[in-house]
Structures are given as structure tokens and as C-alpha cells.
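What follows draws every value from the coordinates through simple rules; no lab data is involved. The structure displayed is predicted, hence computed values, not measured ones. Here Cβ is always computed from backbone atoms with ideal geometry, including for glycine, and neighbour counts include all displayed protein chains.
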Amino acid sequence: MVTQAALAAGNGAGRAGADALGIFWAVVIASWILLFAATLGLAVVVYGARGRSRRRAAAAGPPPPRLTASPPGLAALMRSDAHFDEQLLLDAALTATLLVFAATTTGDEGPLRRLVTDRFWQTPFGQITSTVARDRRRDSRQAAADAARGSVSKRWIIPLDYHPSVPEIVAVDLNGMQRVSVRVAFGQLQAMVRPGAVDYAAGAAAPNFASAVTSIARSVAVDVGDGQTQAVSWVASGGHYDLKFVRPANARTDPRAALSDRTCTTCGATYRSELAIACAHCGAARAMPWGEWRLAEAVPVR
Amino acid sequence: MVVTISGVPSLATRGDKDTFSERYLSASRALMRWASPSRRSDRPASAAGCLNPLFLIKIIIVLIVILLMPLFLLPMLIGRLATFGGAAVRYSSVVDMTSGEQARWGYGTLSASSDGQALRRGVAAIAARDPAFDPATLTRWAATAAELICASLTSADATPARTFMAGGLLRTYQALLELRAGADVVCEGSWQAVNAMLVEALSTPLLDEVRVRLTCQGWCWERHGPSGLTLRGSPDARTWSEDLTFGRSAEAMSPAAGGLPARRCPSCGAPLDLDEDGACKYCGGIVTAGRQDWVLVGWRREPW
């Protein structure tokens, strides 16, 4: 009797164990299927949309021509702000595009954050800038961790070149906040140094799903293979944008501001770096030559 | 903490927080490293390889991690898709990207020259407003500027470009040199302009603009310090073209003393001597703003 009960309990426990194992495997298999489906769907959506947008871009024709007259509202802005300096705003536009390049290459958003509004980070351009910069910082942390373990990182993304066009003010709106749109085009070139660099770069700029899968698979194969042979490849990007700058309705230009960013306003020390956001001598925050103007949005021009 | 280009830890860097799934992935990677058979040769033989009982436990743990990974990757994928997928699609629609040789040889392609008639019309329009305008002065100055750019690039120092580059362009140029130096880009070379010609002239109610195309001869070689790999160019002599675009305000007139091309302050005519802010040490005028004289507002080299 006792033996039969023990056997029954043993069988029950065995069945329960088998059931649990079956559920475990079902969950594992279902999750892998879901993962593949989600990955495939994500890739198809992203690369499909990228391909469509590129075809649209290719059909859009040449870049917009230069303006031959002052945009409406610029004269009113100059009347209301006796010290308004158009050149400073154009300089701010050039600086903003360079700082986006710096942030997405090095991961340091600090200099860019000084020049943009909080709202900028909610825009598509701001979100992507932030995401790419964050990925770069993760890479840096990983490289630092590897270095601490004694292994030298063999992967670099190198800012190689950057060319802006001559910017121009294309629109002024003085209703409520003061808004000025500055049109600028820029191109940037990065070099990638790592094992499988050619395929890695091709994956980053792949125009469609098939080429993305092929490139990424090849780069992974190189990583899994010897993973030691360094190679170099390049990624170039660029476009035409309207940079929308804003400042409060009652803000006016401080004529001293234009000269305030070369030397520290607190201790008088000279800034040695164009990217410095604080004085290396006394730590005071660096003033900005364009006063209260901030970049709120970057909208592509097609 | 990550070292930042701005010299201080940025708020963004300090505030970085990994999501649960990202932390999970980092932990998984660490686990994989821990479970990988050691390649260190200084360990005793008994501590490495399949004979170590710990190795079996490691293998089992790694297998469980691999099996369950989708459970953690899925929320991350869906979250990323929801948060950034749309933005990524929009971004890819606004940024034209190329890679590999196409990027290497497609980046920096020079714009076409104006046709002869448009060029003559542009020059005449500028001369009508400024009778002292002399295109030859600008082409000679462009050749000099190319030599100063050579000195600047090879020394990774923007100082030689201060006397002819517009303030905004100089700011970005200096920042680019800093970024390149931070990434251990080594630029060597020696070149000079052997020919210069006007290829575009534009006069609008707002500004005057002139583009000069230089034919340069020499060599330029960019390498990556740590890896020693060539990034662009070579130590071999070659010929290439560069476009230098000069601009000035529509109200500006050629200074009587010669202005910046003659290395004189366009405001007071004194020999050019600038302070840290780019202002003339004699009269305090900001000479590279383009209000009184031509300044370099754009520089581009064809793929090389």
C-alpha cells in the first residue's frame, strides 16, 4: 500500500516535472520564433522605408537655389533689435551642424546641449542624434572596460571631414517667440577602423533590407572568424536642412556677447578648445556669442 | 566615466542609464566572457579546459542564458521600435548615406562651374557696385590661402587660417581639427596651388560670393595613429582641385589699403594683427565677419 502510494507520488512528480519542462521548451521555442519575427519585421520596416525615402530623395531634384532677397520679417527683426547680427546666427547654424557631427562621432552631447532647446531632443533629428551619441558612449565605456581587463580595443569610428555650405536666413517669424530659419547643407565623412569594416559600414548605410542582411552577416562572420585583421572603410552622410532657431519674444542682442566666447567672462582666461563648454582655469560656464538664440528643430529640405 | 571632447563630464554622460534589457545584455556578455575557456597562458593547466568541473557549470549557465535571451530581447526590440523606429525612418529619409568606396570617392565632389556667360554676368554685377573689385586679387589670395590651409591641416592647428576664414567657418574648422586630433588622425603632406581660376560669381541684394577653383600639386596622406592604417591619400605626388568660396556683405567695398588679401585691416588699413577674438589690435574691428571685405566662407577639396 505504502509502496503503491510512493510510486503514485513519484509518477505524479515525474509528470509535473515533464509538464514543467514541456512548458519551458514551449516558451523558449515560442520566444525564439517571436524574436525572429520581430527582428525581421523591424528590419523590413526600417530598410523598406529607407529605400522608399531614398527613391523620393533621388526624384526630388537639385538642392534649393540661393535666396536673392531678404526674407520677409528680417527687416522688422533688425528694427526691433538694434544690435541684431545676422552673421552670428549664421555662425550658430554652422556650429550646430558641427556639434551634431561631434556628438554622433564621439558621444559627447555637452557642447550641443548648450545650443539647443529641450524640445530639440523630442524632434526626429534630436532623437536620432541622442540615440547615436548614446551608442557611442556605450562603445567608449565598453572600450574602457576592455582596456581595464588588459585587452586593447580594435574598433574606432573616426571623424575625418566635415563641409558645411554657406548658410542663409530663409524665414523670420516674430509672432510670439522670435523664430528664424537658417538653411544650410553639410556633408560629413567618417572612417571606420575595425575587423570587417567594409561590411560594417555597408550595413550602416545599406539602402535596402537584402544588402543590410548580407553586410551585417559578413561583418559578424569576420568578427566570429579571426576578428583581428584591421580594415578601414568610410561612411559619408549629409543633406539640406532648415535649422529653426528661437528666442523669447522680448529678447534682444547683447552687443558684448559676440566677443564673450573666446575668453572667460569670469577670469579672463583664453579658451584653447572650440568645443570647451567651461573654462579650464576657473570652471565657469562658457558664454555663447549668439545670446539667447537656441536651435529648436532641424527640418530636412527636399 | 567617459572622457568628453568638451573637457568636462557632460550631463548626458552622467545621466546615462541603461534599460533593463540593455543591462541584461551587458550581464550576458560578462557571463559569456567568464564562461569562455581562458586563453591566458599563465594559468596552471588544471584551471583551464574541460577537465575543470567548474567548466560544466559554466556551460550549463551559458546555455540557459542563450535559451532565455529572446524573452529579454523582445521587449527591447519592441520598445526600440516604438521609441526610435519612426524617428529612424524619418532620419534615413533626411540623411543621404553612402559607404565604402562610394563614400570615400563621392564625398566632397565639387559643384560644376558656372558657364562663361553667367560668370561674366556675376563679375560685372559685383564690379558695378564695387569698381575696385579685381578677380585676380582673389585668385592670388586663394592660392596663398591654400598654402596656409596646408600648414594648418598638417600641424592640426587652425591659427594659420585665422586671417582669411570667416568666423563661423573658422569655428567649425577648429572644432573639426580638435575632433580629428582626439581620434588620432595624423595628416602629413605638402602641396601648393599651381593654377587658380574663377568658376562662379554671384551678386545678390544681400551678399557677393565668388568661387575660385585651384589646381593643387603635392601629396597629402592621412593615417590613423593607433592602427597605422591609411585613411585617405598617400605619400605619392598627385594633382587635385579645391574650391575656395569667398563671400562678403553686399554693402562691402574693396578697401583702399588692399584689405585682407594684402594682409591689412579692411577697417583701418593697419598691418593685419588680430587678437584672440579675431579683432584688429589697432581699431578693434572684427575683420573676418565679411562686412567690410572678402573672407573665406567655404572650402572643399575634391575626393583625393
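Considering the dipole of region B:103-301 built from charges on the beta carbon (Lys and Arg +1, Asp and Glu -1) around the Cα centre, which of B:Trp221, B:Ala112, B:Leu148 is farthest to its positive end?
Going by the Cα projections, it comes out as B:Ala112.
Over region B:103-301, what is the relative contact order in percent, taking alpha-carbon pairs closer than 8 angstrom and at least six residues apart? Don't skip to the answer; put the middle values down first.
Numbers: 385 pairs, mean separation 42.4, N = 199.
Relative CO of region B:103-301 lands at 21 percent.
Tell me the net charge near B:Ala125. Cut-off is 12 Å between Cβ atoms, B:Ala125 excluded, with +1 for each Lys or Arg and -1 for each Asp or Glu. Write down the numbers at each step before the final one.
Details: positive: B:Arg120, B:Arg121, B:Arg129; negative: B:Asp130, B:Asp208, B:Glu209.
Net charge around B:Ala125: 0.
Residues with beta-carbon under 9 Å from that of B:Trp294, excluding B:Trp294: net charge, scoring Lys, Arg +1 and Asp, Glu -1?
The answer is -1.
Label region B:103-301 by shape, choosing from rounded, prolate and oblate, from the square roots a ≥ b ≥ c of the eigenvalues of the Cα gyration tensor; if a/c is under 1.5 it is rounded, and otherwise prolate applies when a/b is larger than b/c, oblate when it is not.
Numbers: a/c = 2.23, a/b = 1.40, b/c = 1.60.
Oblate shape, in that a/c is at least 1.5 and b/c is the bigger or equal ratio.
In sequence order, what are the phi-derived ³J(HN,Hα) couplings for region A:117-131 according to the Karplus relation 6.51 cos²θ - 1.76 cosθ + 1.60 with θ = phi - 60°, rounded to whole Hz, with x for glycine and proline?
7, 4, 5, 3, 6, 8, 7, x, 5, x, 5, 5, 4, 5, 5
Through the Karplus equation 6.51 cos²θ - 1.76 cosθ + 1.60, θ set to phi - 60°, convert the phi angles of region B:266-279 into ³J(HN,Hα) values in whole Hz; use x for Gly and Pro.
Rounded to whole hertz, the list is x, 8, 10, x, 6, x, 5, 8, 9, 8, 4, 8, x, 9.
Evaluate 2.2 N^0.38 Å with N set to the residue count of region B:177-229, then give the Cα radius of gyration divided by it.
Working: Rg = 17.3 Å, N = 53, 2.2 N^0.38 = 9.9 Å.
So the Cα radius of gyration is 1.74 times the expected 2.2 N^0.38 Å.
Quick one: if you stick a label point 7 Å off each Cα along the C-beta vector at A:Ser80 and A:Ala8, how many nm between them?
Each label point lies 7 Å from its Cα, and together they span 8.9 nm.
Can you pull out the trypsin sites (Lys or Arg not before Pro) in region A:100-151 whose DSSP state is coil and whose Cβ has at most 12 other Cβ atoms within 10 Å? Walk me through the numbers before you get to the answer.
Working: sites: A:Arg113, A:Arg114, A:Arg119, A:Arg134, A:Arg136, A:Arg137, A:Arg138, A:Arg141, A:Arg149; in loops: A:Arg114, A:Arg149.
Loop-located and lightly packed - A:Arg149.
If amide H atoms are built 1.01 Å from N in the plane of the peptide, which residues on other chains or at least 5 residues away come under 5 Å of the amide H of A:His83?
When sequence neighbours closer than 5 places are left aside, the close amide H contacts are A:Thr253.
Can you tally the net charge around B:Asp115? Count Lys and Arg as +1, Asp and Glu as -1, for every other residue whose Cβ sits under 11 Å from the Cβ of B:Asp115. Numbers along the way, then the final one.
Values: positive: B:Arg120, B:Arg121; negative: B:Glu200.
Combined, the nearby Lys, Arg, Asp and Glu give +1.
Run the simple label-point estimate for A:Leu34 and A:Asp173 please: 7 Å along Cα→C-beta, distance reported in nm.
4.3
Per q in 0.16, 0.17, 0.19 Å⁻¹, report the Debye log10 I(q)/I(0) for region A:249-299, using one uniform scatterer on each alpha carbon and no solvent.
-0.51, -0.57, -0.67
Pull up all non-local amide H partners of B:Asn195: gap of 5 or more, or a different chain, and H-to-H distance under 5 Å with H placed in the peptide plane.
B:Thr215
Taking neighbour counts of Cβ atoms within 10 Å as a proxy for exposure, in what order, fewest first, do B:Asp134, A:Asp19, B:Asp236, A:Asp85 appear? Before the final figure, lay out each step's value.
On the way: B:Asp134 13, A:Asp19 10, B:Asp236 7, A:Asp85 20.
Going from least to most buried by this count: B:Asp236, A:Asp19, B:Asp134, A:Asp85.
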